[in-house]
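Notes follow once the structure below has been shown.
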Amino acid sequence: MFIINCPYCGEREQSEFKAGGEAHIVRPKQPTELSDDQWAEYLFMRKNIKGIQFERWVHSHGCRKWFNVVRDTSNDVIKAVYKMGEKPPTKK
Amino acid sequence: MLNYTNTITEEKSYSGLQMKEMKPIMKLIIRGKKREFLSSIGKSLNLLLPTEANTSSRSEKLTALWLSPDEWMIYSNETLSSKNNDYETENLLNDNISKKNLGAITDVTDQFVLINLKGDKIFDLFETGSPFNFNDFKNKKGSVTQTILAKIDVIIHNQNQNDANLFVRRSFSQHLFSWMNDSASRL
Amino acid sequence: MTKNLRIKTSKFIDETYKISFKFNGKTYFGYKGDTLASALLANDIHLVGRSFKYHRPRGIMTAGSEEPNAIVQLHNNTSRTEPNVRVTEIEIYDGLEASSQNCWPSVNFDMGGINNFLSPVLPAGFYYKTFMWPASFWEKYEYFIRKSAGLGKSPMEPDPDIYEHRYVHCDLLIIGAGISGIIAAKTAAKNGYKTLLVEEKSYLGGSTIYQNSEHFKINNQISSSWLEKEINEIKKIKNLEIKTRTSVAAFHGYNFLLARENLTDHLPLEQRNKKTRQRLLKIRAKKVITATGSLERPLIFDNNDRPGILLSSAIHKYANLFGVACGEKNILFTNNDSAYETAISLYQKGINIEAIIDNREEIDSKLIKEIEKNNIKIFKGYTIVDTSGYKRINKVSIMQLSKDGQKVVGSKTTLNCDCLGISGGWTPAVHLFTQSGGKLKFRDEDQVFIPNIYPSDQISIGSCNGEFTLDEILSVVPTTLKKFLNIKETDYENLEVQSSFNKSKRNIWLLPSDKVIGKTKSFVDYQNDATAKDIKLALREGFRSIEHVKRYTTTGMGTDQGKLGNMHALGIISETAGSKMGELGTTTFRPPYTPLTFGTIVGRNVGEYFDIFRKTPIHDWHVENKAEFENVGQWKRPWYYPQNGENMHDAVQRESKAARDSAGILDASTLGKIDIQGTDASEFLNRVYTNAWSKLAIGKCRYGLMLNEDGMVYDDGVTTRLGENHYIMTTTTGGAATVLGKLEDYLQTEWPELDVYLTSVTDHYATVSICGPNSKKIVSQIIPDLDFSDESFPHMSFKNSKIGKIKCRVMRISFTGEHSYEINVQANYGKSVWERCMEIGKEFNITPYGTETMHLLRAEKGFIIVGQDTDATMTPIDLQMDWIVSKKKYDFIGKRSLYRSDTIREDRKQLVGLITENPNEVLEEGAQIVADINKSPIEMLGHVTSSYYSPNLKKSIALGVVRGGKNMMGQKLIIPMKDKQINVTVADPVFLDKENKRLNA
């Protein structure tokens, strides 16, 4: 189990959190304008990367805040955490 | 007249640990982001809300726990009468906060059960069921955490050395208290 | 009859404390400090069990957790029985009873031994090849195979012991308290690290602590004396916690480790009651030092598995630590210097050594010189080609090795013995390191895998890192520690170390024999009876990957997980396949390192703590009034209230009738309640529900349906507008937490601009729901100050009020179709309100009803239950609830999905009512619905989702989902059951009071 550094509460065990899938998928502002294919792209299509992945997590048993995590899925090392609305860190 | 029925009726005592429910204790969840929210709370209650994560503040009558950047719990330091449930603090904040659209005030007096623990084995008990690291927490007076104990969400407030308050949702409280007693009996 | 092989007092054995124990029904004696293994050996008992497949007699082979053979059943046929206990680990106690496993009728005469003679027809993969076909026969085969397979017997009674879990957080965890671990512990703790040192044995100091030879000295003291002083010192350090009898089972990522602390297994049975037997430590360490030592390798030759054959290091330990001789005519067989340490130790204690057989031809070290000085015969350049003795070794046959080590040459010599010590060099115990994700490298010079790449903040030190000799450890470990712990100095600089060990070794994975391989039984995995021949067969049959060979031959798959033989299996594979050892990799070492009891794994999550349950504020009343309970999510909800021995059906019929005829009362406290505040609260509700909210007047309630973004129904409930910017939303009982989570998600991530705050108040309120034609009469007596007239208090509205001095909130809403009210009051007054209702309702025969009646009543009205009549594939249109989907709103969660090509299909499964031809026939929920029973393959149109006998309509009613059901009104369909077909007609899902007259009755 990981240790996740909640940007609000600090380091906590993974069991206090829930994962929320891929980050930075913005809900379309005008869904009605989209074709079936475009809507399906938003609704269903997710990357599943072996390597660096940007993910959403929520500190569900703590402050209940959502935030973003950069995780290497090949070894579970968390490279960065950042708040919702903040820019994702660029590659170092 | 309605009768008042709390959930935990017994006080339990073990070597190095005493546990009992404190009731009725008024509890409010207050939410807000604006600067006026913080200052208005401060003026209304004569209590500065803690803005540092995992900390608390205290006035003569009230204690405020940090729960998230826009959420606090305020609870009364003393037990109140169970004869009525009209709370002065709630009314005051409704007028000064809710009605002015500065934030939200929600009465959670019975949403949470407050279990007070006393003794030098408080954290030994917590360590049997919580993944939280209490090493620094237990040495810091006033520290607060929301975490999991025996798979149940809890808020723990380290009021003083060997004196902690634990908040748990009412529907879970009997189950948790039973688990705590089971665990405490072998500490 | 039995001999006493206790040779000399040892300070680890308390000879003043005699302990009696039983093995296979016979009473023996040992001393405090003995393991079962040392006590048995002192009584000259080697034969302990039978092997898994061939039922060959097997004895004690090691002195530690790597033991493959000597595993026993403890306390057979009692509630405390435990299988597969290693006799080398269990400490004896008064009342210990152990028995051999895998043998019948006894370990001395085992019927299964016939498999040994059948072994030519039981090669690797025998079961796979023979019992594969025909597949339908498997059930028959399985019965017989299971009967003869399996090691111990699992307990049949509840475990009387208590197990616990504990979370531990430390700066540094050190695994293993051998010399390296002790040095690390002292260094770290003295430098301020909050340190935890765990050791699987009952004593500290590893193998150095019984090293009493003049050949190994530190600062001119014998190494054991030097270490003893260090141990005494570390016991005084405050921020160092030491746990013995604690073995690390798993090393996960992020330095998360699981260890089992054994608290009572060494105590007499009567001292164990009410104490915690074992504790699972869940350790979070900032840094980890692995100092798990190394395991001696066996040697692989024909018949290398007989009782009396032990690792040379085990013989050494039994002599030095326990004061026990493993035999009176000892032979040692080695390819390195370790066996000479054993020999010197035995010699000094007066234990006879017949000979030493050494693979190496040219050897020269201080140790060997001392042996030669004492006239012990050494056969240099020889190997053992065979052994004899069925239940105890009595002879070895030796031959000279060819120069290249591939063959044996010359003539055979036979030597008598009753004990053979074997030493094939050392394997670093890297299991935990690799579990953590560490990568190994192969060191050619001594053919070992050692840690290479560390995945977390950890380090391996001492012999588990390939530092085998005393001088190596004392020069390398302090340097490693300084770097790892970021400190300048240790107490271990400039030590004067004397170590006579010469590292030369002649590594031959499979020793040659004068027989062809097919005729040999050279065991690689003792517990699973996998031989070198089996491994070669697997390679011949085309298996190449080490993981496949492992599974085909079962090498390394027993309770010992191949701790002894895995390296040899790899060696034999690489030699046979002509590949390089390092390139072949290793099999994966999986947790646990040593087996854990189920008790330890589950801890206190048993009995009433198996799962969490939640109680409503009125729970005690339900219990007092004999309710049967149903689990709904984590809640205990009253299911029905049987009276006078009623069964469920009768109780539900009575409750349902009473609710419609007069008055029913339901504890609805479990419904999720979310307090919504903020200037954008109305806009927020517009976005999360399918219908419109802006125009809902203050004081009014509205039913809402919530979708997922894919358009499928997710939750439903009534939301009440308490003020301009203040609502209270109710959710389904099971959905409360996930709905709040989902709403928070949208607020925080998609719509952070909205001024809305959500707070759960589910537990703050008790909710008492009273329905039926007399409900108004009852509530108006409870709250006499409130005007309950339809004009002032119409359906779908709410009022704040007080009962005495206690604030309450009354809603006029209905889930049954009856005129009904919900009284919400602060939870601690809930039970009192309920009791008032019961008292006042008495004259109206107020009847408490549970979830089953609630389900029946709402089904009569065709109201859905999310999760019962829907799954994650039903849109509101599928539910025939088009009326609740706003056409005007520009957007809400799931809107766009409602006109995807898939969701607008006419032939989707749609919710309909079902009426049976026979009004007394009640359908089974989940039953399939078809149109044409003769079609092949039969076409499933849908299934029954809710079904009841309605006492109010006096007929069976059901809801179901049927493909294209909307357009099938009146059509006849068939429900095929096991023994009959039931004819049904598709109907409107609203069975009762379509005009909603009763709501205002």
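Derivation of every value follows stated rules applied to the coordinates shown; laboratory data play no part. Nothing here was measured: the structure is a model prediction, and the numbers come from that model. We place every Cβ from the backbone using ideal geometry, glycine too, and count neighbours over all the protein chains shown.
Observations, loosely collected:
- Long pairs among C:K282/C:K483; B:K140/C:K274; B:K27/C:K895, criterion Cα-Cα beyond 32 Å: B:K140/C:K274; B:K27/C:K895
- Applying 0.36 nm per residue to the separation of B:K141 and B:S82 and subtracting their alpha-carbon distance, the gain on full extension is 18.2 nm.
- When each of B:K141/C:K286; B:K23/B:K141; A:K87/C:K889; C:K954/C:K997 is checked by Cα-Cα distance, pairs over 26 Å: A:K87/C:K889
- Residues in the stretch C:506-524 reached by a label modelled at C:E575 [backbone nitrogen below 13 Å; 7 Å Cα→Cβ]: C:506-514, C:517, C:522-524
- Using only the C-alpha atoms, the convex hull of the stretch C:523-592 corresponds to 72 Å³ per residue.
- Gain on full extension, evaluated as 0.36 nm per residue between C:K887 and C:S402 minus their Cα-Cα distance, stands at 165.4 nm.
- Chain A: relative contact order as a whole-number percent, Cα under 8 Å and 6+ apart: 27 percent
- When the Cα gyration tensor is reduced to axis lengths a ≥ b ≥ c, the ratio a/c is 1.5 or higher for the stretch C:825-881, and with a/b above b/c it is classed as prolate.
- Longest DSSP-loop-exposure-free segment, chymotrypsin sites (Phe, Trp or Tyr not before Pro), chain C, at most 12 other Cβ within 10 Å: C:110-609
- Of C:K317/C:K550; C:K329/C:K373; C:K217/C:K317, those spanning more than 23 Å from alpha-carbon to alpha-carbon: C:K317/C:K550
- Volume of the Cα convex hull of the stretch A:3-83, divided per residue and given in Å³: 98 Å³
- Taking other C-beta atoms within 10 Å as the exposure proxy, A:H24, B:H175 rank A:H24, B:H175 from fewest upward.
- A crude spin-label estimate for the pair C:L953 and C:I933, with each label 7 Å from Cα along the Cβ direction, gives 2.4 nm.
- On Cα atoms only, tilt of B:35-45 relative to the major axis of chain B in degrees: 70 degrees
- C:E341, A:E22, C:E228 arranged by Cβ crowding within 10 Å, fewest neighbours leading: A:E22, C:E228, C:E341
- Peptide C:754-767 - average C-beta neighbours from other chains (10 Å radius): 6
- Given R0 = 41 Å, the distance between the Cβ atoms of A:K29 and C:N647 translates into a calculated FRET efficiency of 0.10.
- Relative to the longest principal axis of the Cα atoms of chain C, the long axis of helix C:470-485 lies at roughly 30 degrees.
- Two numbers describe the Cα atoms of the stretch A:5-48: Rg and Dmax, which are 15.5, 43 Å.
- Rounded tilt (10° steps) of B:170-184 against the dominant C-alpha axis of chain B: 30 degrees
- Low-density loop cleavage sites - trypsin sites (Lys or Arg not before Pro) in the stretch A:37-68, where at most 15 other Cβ are within 10 Å (DSSP): A:R46, A:K47, A:K50
- Paramagnetic reach from B:S44 (point 7 Å along Cα→Cβ, amide N under 13 Å) across the stretch B:96-118: B:96-107
- For peptide C:153-163, the mean count of partner chain Cβ atoms within 10 Å of a residue's Cβ comes to 0.
- This ranking places C:M881, C:M648 by how few other beta-carbon atoms lie within 10 Å of each, fewest first, which gives C:M648, C:M881.
- Springs between Cα atoms under 10 Å define the GNM used for chain A, and in it the highest mean-square fluctuation of A:E11, A:E55, A:E33 occurs at A:E33.
- Convex hull volume of the Cα atoms of the protein assembly as shown, normalised per residue: 211 Å³.
- Cα shape, chain C, gyration tensor, a/c 1.5 rule: prolate
- Of the trypsin sites (Lys or Arg not before Pro) in the stretch C:934-969, those whose Cβ has at most 16 other Cβ within 10 Å and which sit in DSSP loop: C:K935, C:K954
- Inter-chain Cβ neighbour average for residues B:125-133, partner chain, 10 Å: 6
- Summed over qualifying helices (DSSP H, 4 residues or more, each -39500 (n - 2.57)) and divided by its residue number, chain B shows a 222 nm mean residue ellipticity of -6000 deg cm²/dmol.
- Here each label is just a point 7 Å from Cα along the line to Cβ, and for B:D124 and C:M156 those points are 4.0 nm apart.
- Sum of -39500 (n - 2.57) over DSSP H runs of 4+, divided by residues of chain C (222 nm, nearest 500): -6000 deg cm²/dmol
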